[in-house]
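So the structure is just underneath, and the comments pick up after that.
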Amino acid sequence: MKKLLITLLILIPLIIIGLAWFAGNSLTAPAQTSIGNCPNDLFCENVEFSSDSGTQIKGWLVKGESGKGAIVLMHGVRSNRLSLVERIRFLRKAGYSVLAFDFQGSGESEGKQLTFGYLESRDANASLKFIKEKFPNEKIGVMGISMGGAAFLLQNEPQKVDALILEMVYPAIQKAIENRLNLWLFKGADNLSPLLTYQFPIRLGVTVNDLRPLDKIKSVNCPLFFIVGENDHHTTLEESRQLFETANQPKDLWIVPKAEHGDLLKVAPETYEQKVLEFFEKALRGETK
């Protein structure tokens with residue numbers, strides 16, 4: 001019996017660590033897929049550009065009306081530019097040029113693993129350089145959705161933009177992991193977060209302290225619009241308020257009623273489109289309604 005207990009005391013921690021490593025594999029696994037052609041009504045051009053993440057980034061470019069402004073769309077984790085089609089559609093209709101791309105490890109872009117904003121921040125930087133080269137005389141806006149917003153904020157040398165929308169962006173990866181463990185497993189499972197966070201230096205070459213958009217938000221000096229879900233348990237309303245309150249003025253916050261963590265455009269499509277266009281019209285064109 002004593003030998004059995006000793007064996008179990010050795011095996012159980014090893015099994016737990018093994019399961020945690022397997023979970024880490026799943027969470028960081030690439031989310032690559034074939035995208036196919038751009039919808040005909042968007043008149044997209046297929047583009048690609050190099051990123052300091054070490055990859056070639058694939059995307060779509062829509063040319064709008066001269067002088068109307070250009071918008072870069074940045075998708076969330078385990079997603080790709082297909083999730084941005086409806087945003088491209090209403091922005092194009094309003095005359096904006098639009099760039100939508102796949103982060104490294106996602107969609108049709110190269111990459112060996114997802115990094116929750118670390119390598120993706122280099123893609124964000126490259127996308128802004130690319131659109132500024134394409135439209136040197138246009139004011140630039142960005143929409144960053146969840147990880148896409150984190151990637152924008154985590155740039156080492158942030159590209160200056162004229163307007164920024166942040167949608168459901170986590171302030172700190174540590175809390176983001178804890179929230180998800182409580183949702184995926186059971187309340188109190190956040191205490192297991194070290195089993196995942198210890199893998200960060202091994203897998204990504206960073207620590208959880210390097211993935212804190214909250215520490216970067218003060219470097220943004222342009223009009224900001226935060227869009228968050230009232231019932232979001234992945235990035236809680238309290239966390240979103242913390243990010244909002246830390247940001248510089250001018251800024252605004254829209255809490256989408258009853259919305260959880262997901263595509264907030266689908267929750268309130270008409271209001272979403274109206275608020276986004278009003279924000280960009282004011283920030284990029286100086287227009288108010």
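So in the stretch 21-41, with the set limited to residues that are under 29 Å from Ala176 (Cβ atoms) and in a helix (DSSP H, G or I), which one is modelled with the highest pLDDT?
Thr28
Looking only at the stretch 249-289, count every residue that is of a type outside the set (Phe, Trp, Tyr) and either loosely packed, with under 13 Cβ neighbours inside 10 Å or under 23 Å from Glu138 (Cβ atoms) (or both) and tell me the total.
Count: 23.
Being over 15 Å from the mean Cα position of the chain (by Cα) and surrounded by 20 or more Cβ atoms within 10 Å (Cβ to Cβ) is the requirement here; does Gly59 meet it?
Yes; evaluated as a whole, the condition is true for this residue.
Conditions: (1) touching a Leu at 6+ places or on another chain (Cβ under 7 Å); (2) free of Cβ contacts under 8 Å to residues at least 24 places away in the same chain. Lys251 meets all but one. Number of the miss?
Of the numbered conditions (1) touching a Leu at 6+ places or on another chain (Cβ under 7 Å); (2) free of Cβ contacts under 8 Å to residues at least 24 places away in the same chain, the odd one out for Lys251 is (2).
Given the conditions (1) farther than 20 Å from Val208 by Cα; (2) crowded, with 20+ Cβ neighbours inside 10 Å; (3) touching a helix residue (DSSP H, G or I) at 6+ places or on another chain (Cβ under 7 Å), which single one is not true for Gln159?
(2)
The rows are residues; the columns are (1) more than 16 Å from the chain's Cα centre (by Cα); (2) of a type in the set (Ser, Thr, Tyr); (3) at pLDDT 95 or above; (4) within 23 Å of Glu239 (Cβ to Cβ).
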residue: Phe103; (1), (2), (3), (4): no, no, yes, yes
residue: Leu114; (1), (2), (3), (4): no, no, yes, yes
residue: Asn125; (1), (2), (3), (4): no, no, yes, no
residue: Leu128; (1), (2), (3), (4): no, no, yes, no
residue: Val142; (1), (2), (3), (4): no, no, yes, yes
residue: Phe186; (1), (2), (3), (4): yes, no, no, yes
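Applying the selection to the stretch 169-187, what residues are in contact with a helix residue (DSSP H, G or I) (Cβ under 7 Å, 6 or more places away or on another chain) and part of a loop (DSSP other than H, G, I, E, B)?
Val169, Tyr170, Pro171, Ala172
With (1) buried (at least 21 other Cβ atoms within 10 Å of the Cβ); (2) under 25 Å from Asn25 (Cα atoms) as the list, and Gly188 as the residue in question, which single condition is left unmet?
Checking Gly188 against (1) buried (at least 21 other Cβ atoms within 10 Å of the Cβ); (2) under 25 Å from Asn25 (Cα atoms), the one that fails is (1).
Let's see how each residue does on (1) part of a helix (DSSP H, G or I); (2) surrounded by fewer than 24 Cβ atoms within 10 Å (Cβ to Cβ); (3) touching a residue at least 60 places away in the same chain (Cβ under 8 Å):
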site	(1), (2), (3)
Gly95	no, yes, no
Ala100	no, no, no
Phe103	no, no, no
Gln113	no, yes, yes
Tyr118	no, yes, yes
Ser127	yes, no, yes
Phe130	yes, yes, yes
Val142	no, no, yes
Gly148	yes, no, yes
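Criterion first (farther than 22 Å from Gln159 by Cα and either of a type in the set (A, V, I, L, M) or in a helix (DSSP H, G or I) (or both)) does Asn191 satisfy it?
On the way: farther than 22 Å from Gln159 by Cα: yes; either of a type in the set (A, V, I, L, M) or in a helix (DSSP H, G or I) (or both): yes.
So Asn191 fits the description; yes.
Would you confirm whether any residue within the stretch 73-82 is farther than 19 Å from Lys132 by Cβ, modelled with pLDDT of 95 or more and surrounded by fewer than 19 Cβ atoms within 10 Å (Cβ to Cβ)?
Yes, the stretch 73-82 contains at least one residue that is farther than 19 Å from Lys132 by Cβ, modelled with pLDDT of 95 or more and surrounded by fewer than 19 Cβ atoms within 10 Å (Cβ to Cβ).
The values are calculated or read from the model by the stated rules, or taken from the named source; none is laboratory data. Everything numeric in this text was worked out from a predicted model, so none of it was measured. Methodologically, a virtual Cβ is constructed for each residue, glycine included, from the backbone with ideal geometry; neighbour enumeration extends over all protein chains shown.
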